[in-house]
Structure formats: C-alpha cells, structure tokens
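> Provided herewith is a single structure, encoded as structure tokens, for subsequent inquiry.
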Amino acid sequence: MRAILMALVLALAPAGMALADNDVGCGVGTQIWEGQKGLPVKLAASFTNGLTFQSISITFGLLNCNGKDTVTADASEMRLRHYASQNFDRLAEDMARGQGESLEALAYLLRVRAEDRAAFRAFAQAHFDELFTHDHVTAGEMLGSLDALLAEDQELSAYTRS
C-alpha cells in the first residue's frame with residue numbers, strides 16, 4: 001500500500017506546479033498542449049514535462065526552455081509573472097500604443113512611481129520591437145527583455161527586478 005501511495009505522489013507531483021502557477025514550464029508537454037486551457041490540460045502538460053525529463057530541455061535550451069532564467073519564490077515576482085502571462089496580448093497592444101490599463105497595471109506591479117509612469121509608457125512603446133522580438137515570445141522572455149532594457153535607461157533603471 002505504501003508503494004502505491006508513493007507511486008501516486010511521484011506521478012502527480014508535477015500537478016502541484018500546475019496548480020501553483022499559471023505556467024507549467026517549458027518542455028514537450030507545454031509544446032503539445034500549447035494554447036489549451038483548463039486544469040486537466042495543465043496537469044497533462046505538467047505531467048508530460050516531468051515524464052519527458054524537462055531538466056534536459058532546460059539544460060540544453062530546448063523546446064522554449066531557458067536555463068539562464070532566475071529561480072524565484074518572491075511573491076511580488078510571482079504576481080508580476082502571473083499578471084504578464086494572463087494579460088500578455090493586452091500588454092502587447094498597450095505597449096504598442098504606449099497607453100492602456102494593462103500597461104498601467106504592469107507599471108504598478110513594477111512599482112513605477114506616479115511621476116515616472118509617462119516615461120515608462122513611452123519607454124515601453126519605444127522598445128516594443130525589442131520586447132516582442134518574434135511571434136512566439138513568452139511573457140517571461142518579454143519581462144527579461146524589459147528588465148535588461150530598463151537597466152540601460154538612466155531615468156528608469158531603478159525599476160529593474162534584479
């Protein structure tokens with residue numbers, strides 16, 4: 001009985017990742033179930049990622065995995081990533097226009113002061129092509145690019161996450 005329970009825990013362990021975060025990570029499962037919604041799909045994607053050795057994809061940068069990203073448990077970072085992934089299309093539209101509720105919310109999550117918001121909106125619009133470099137850019141990639149670009153800006157560098 002103990003062996004069966006342990007096997008179930010190990011088999012369903014990836015489900016915890018699916019429930020804890022909007023993104024089940026990178027790997028084969030993410031590629032197979034890309035664009036689909038719902039808990040069963042997230043569990044299947046997470047399980048498949050684990051079953052197909054997601055660590056290999058991360059190590060070698062395969063299947064949209066990036067082994068250079070930062071592992072974090074910071075609640076504000078998790079909220080930022082969750083917001084960006086849930087509102088990704090609206091963020092892209094707002095960044096392209098340099099205005100909008102999604103962009104304002106992103107500025108809030110980045111703790112951009114009210115007096116710097118106009119500069120932040122203009123910055124996002126001016127760097128749109130660098131933030132969205134290809135059709136399949138992820139929210140994590142966009143946030144990484146945003147952080148790198150902000151770090152280079154004298155006026156807005158205080159808002160980097162690193």
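> All but one of (1) at pLDDT 60 or above; (2) surrounded by fewer than 19 Cβ atoms within 10 Å (Cβ to Cβ); (3) of a type outside the set (A, V, I, L, M, F, W, C) hold for ARG2; which doesn't?
With (1) at pLDDT 60 or above; (2) surrounded by fewer than 19 Cβ atoms within 10 Å (Cβ to Cβ); (3) of a type outside the set (A, V, I, L, M, F, W, C) applied to ARG2, the lone miss is (1).
> Additional query: Quick one: in the range 107-159, which of the residues that are under 14 Å from ALA92 (Cα atoms) and of a type in the set (D, E, K, R) is modelled with the lowest pLDDT?
Ranking the qualifying residues of the range 107-159, first place goes to ASP135.
> Another question, then. Restricting to the range 90-114, name every residue that is more than 21 Å from SER76 (Cβ to Cβ), without any contact (Cβ under 8 Å) to a residue 40 or more places away in the chain and not in a loop (DSSP other than H, G, I, E, B).
GLU93, ALA96, ARG97
The values are calculated or read from the model by the stated rules, or taken from the named source; none is laboratory data. Computed from a predicted model, the values in this text were never measured in an experiment. Methodologically, a virtual Cβ is constructed for each residue, glycine included, from the backbone with ideal geometry; neighbour enumeration extends over all protein chains shown.
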